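Undergrad: Supplied in structure tokens, the structure appears directly below.
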2 protein chains.
Amino acid sequence: MTTQETVSIAIPTGVLLDGARGLLATSGLAALSAEELGRQLLVERERVRVIIVRPTDVPAYVDYGAADLGIVGKDILWETPGSHYELVDLHFGGCRLVLAVPNASALDGPQTWPPLMRVATKYPRTANAWFEARGQAVEIVRLHGSVELAPQVGLVDGIVDLTASGRTLRENGLRVTAVLGSSTARLIANQASLKTRTASVQSVVSRLREASNHAG
Amino acid sequence: MTTQETVSIAIPTGVLLDGARGLLATSGLAALSAEELGRQLLVERERVRVIIVRPTDVPAYVDYGAADLGIVGKDILWETPGSHYELVDLHFGGCRLVLAVPNASALDGPQTWPPLMRVATKYPRTANAWFEARGQAVEIVRLHGSVELAPQVGLVDGIVDLTASGRTLRENGLRVTAVLGSSTARLIANQASLKTRTASVQSVVSRLREASNHAG
């Protein structure tokens, strides 16, 4: 029976890990302990193989077919459009991509922006597109960590970063001046997997979709 | 006196942090506790301001002038050529960038490579240039973490990654088949800082260079 084929799912470390774990449990696909997920990068179960990777790496695993499915934040998909199908909004891991500036900064709405705005971000593609759509010249400084430090040391005028509670921004003396978009976790699929192993992949997708609806 | 101006130095978290801390202490510029560096992103001392950032972010802080100087692995400079001066080989943090394949793989020397080689790496630019110079077609899968997992799940034929002791490779059933280059920590400088605040920046550079020679 083709529906008994193993389906592989890439799930992200970090803030979405608990939500992904909950979804796999509720769906009856795999009960994984937090301990197991902290120690291993690969967990095999009867019907699914779970690959635990960095959030930014989920699209690569799915696009190249090392995973049939992937759970990943919409924010990552903005940056990495790739060649997967985006199937389901899983409705967890909600957060916003915002433009934040130091509390003392004169910058507020677009009318206060300087001729050339300097912005630090982990989301160069998304930030660039957003400013471009507003006719604002921008110099993007691409960083990989602790973006909130950049305005404090005079590297940039502001940052474009993800925030859920806003706590990290507040702790670093930053305030939100614009919202670029809202993100939640999404289920994505490898295009070939969905076409050639339709029954087994669709069966896993249905279970995850159902579990997600129950949670929401 | 211009030599009393504060000079800012970006140093990297991770494997080079201890070496950078040792160098700042030996040079007499700043005695920083490991605890302090773990908690803070910014430490101010009489003559220097130390900014603690991700290894990959050091060039951005220096190139854009948020730091006058930076301590960073040569491997990062291969990927981010940027617009800084590379001043001193600090002779610590030695490691190699290697091509590694699963122990069971038939891949070994270039004569065994497939027509199109698929490689996962955090160093897409360096890996690409290396294979291109050898006339080898390569598909680079850019990952941000746990690159050693990629061959295990069939994502790629091999990986290009940094290794010091080789332990992580061995633990993941991988063996080295080629060395792309050797890396150590380097001292880099912002070009404008060196030109306009020559005395104070050069004084810090001299101290670090001397401390590095003593250590080596």
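The values are calculated or read from the model by the stated rules, or taken from the named source; none is laboratory data. A quick note: this is a predicted structure, and the numbers were derived from the prediction, not measured. As a convention, Cβ positions derive from the backbone with ideal geometry for all residues, glycine included, and neighbour counts pool all protein chains shown.
Undergrad: So in region A:133-146, with the set limited to residues that are part of a strand (DSSP E or B) and not small (Gly, Ala, Ser), which one is nearest to the chain's Cα centre (by Cα)?
TA: Step one: filter region A:133-146 for residues part of a strand (DSSP E or B), giving A:137-142.
Next, only the ones that are not small (Gly, Ala, Ser) stay: A:138-142.
Numbers: A:Val138: 24, A:Glu139: 24, A:Ile140: 20, A:Val141: 20, A:Arg142: 17 Å.
Per the stated criteria, the residue is A:Arg142.
Undergrad: Follow-up. Restricting the first residue to region B:152-173 and requiring it to be touching a residue at least 40 places away in the same chain (Cβ under 8 Å), which pairs with a second residue that is of a type in the set (S, T, N, Q) and not in a strand (DSSP E or B) meet a Cβ separation below 8 Å and a spacing of at least six or different chains?
TA: B:Gln152/B:Asn172; B:Asp157/B:Ser105; B:Gly158/B:Ser105; B:Val160/B:Thr126; B:Gly173/B:Asn103; B:Gly173/B:Gln152
Undergrad: Within region B:149-191, track down each residue that is charged (D, E, K, R), away from chain A (no Cβ under 14 Å) and surrounded by fewer than 19 Cβ atoms within 10 Å (Cβ to Cβ).
TA: Listed by number, the residues that qualify are B:Arg167, B:Arg170, B:Arg175.
Undergrad: If you go through region A:52-82 one residue at a time, how many are free of Cβ contacts under 8 Å to residues at least 60 places away in the same chain, farther than 20 Å from A:Ala129 by Cβ and more than 9 Å from chain B (Cβ to nearest Cβ)?
TA: Counting residues in region A:52-82 that are free of Cβ contacts under 8 Å to residues at least 60 places away in the same chain, farther than 20 Å from A:Ala129 by Cβ and more than 9 Å from chain B (Cβ to nearest Cβ) gives 0.
Undergrad: Let me ask something else about it. Here is a list of conditions, (1) in the same structural domain as B:Asp75 (by TED's automatic domain parsing); (2) exposed (fewer than 15 other Cβ atoms within 10 Å of the Cβ), and B:Pro115 meets all of them except one; can you say which number that is?
TA: (1)
Yes or no, residue by residue, for (1) closer than 30 Å to A:Thr80 by Cα; (2) of a type outside the set (S, T, N, Q); (3) over 17 Å from the mean Cα position of the chain (by Cα); (4) outside any loop (DSSP other than H, G, I, E, B):
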{"residue": "B:Glu148", "(1), (2), (3), (4)": "yes, yes, yes, yes"}
{"residue": "B:Pro151", "(1), (2), (3), (4)": "yes, yes, yes, no"}
{"residue": "B:Ser165", "(1), (2), (3), (4)": "no, no, no, no"}
{"residue": "B:Thr168", "(1), (2), (3), (4)": "yes, no, yes, yes"}
{"residue": "B:Gly181", "(1), (2), (3), (4)": "yes, yes, no, yes"}
{"residue": "B:Leu187", "(1), (2), (3), (4)": "no, yes, no, yes"}
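Undergrad: So, one more: Out of B:Arg49, B:Arg96, I need the residue that is free of Cβ contacts under 8 Å to residues at least 60 places away in the same chain, surrounded by fewer than 19 Cβ atoms within 10 Å (Cβ to Cβ) and on the phi < 0 side of the Ramachandran plot. Which one?
TA: Numbers: B:Arg96 fails: free of Cβ contacts under 8 Å to residues at least 60 places away in the same chain.
Matching residue, one of B:Arg49, B:Arg96: B:Arg49.
Undergrad: Of all the residues that make up region A:70-107, how many are in contact with a Ser or Thr (Cβ under 7 Å, 6 or more places away or on another chain) and over 18 Å from A:Thr126 (Cα atoms)?
TA: The number of residues fulfilling the criteria is 8.
Undergrad: On the given criteria, is A:Asn128 under 22 Å from B:Thr56 (Cα atoms) and of a type in the set (S, T, N, Q)? First the steps, then the outcome.
TA: On the way: under 22 Å from B:Thr56 (Cα atoms): yes; of a type in the set (S, T, N, Q): yes.
Against the criterion (under 22 Å from B:Thr56 (Cα atoms) and of a type in the set (S, T, N, Q)), A:Asn128 qualifies.
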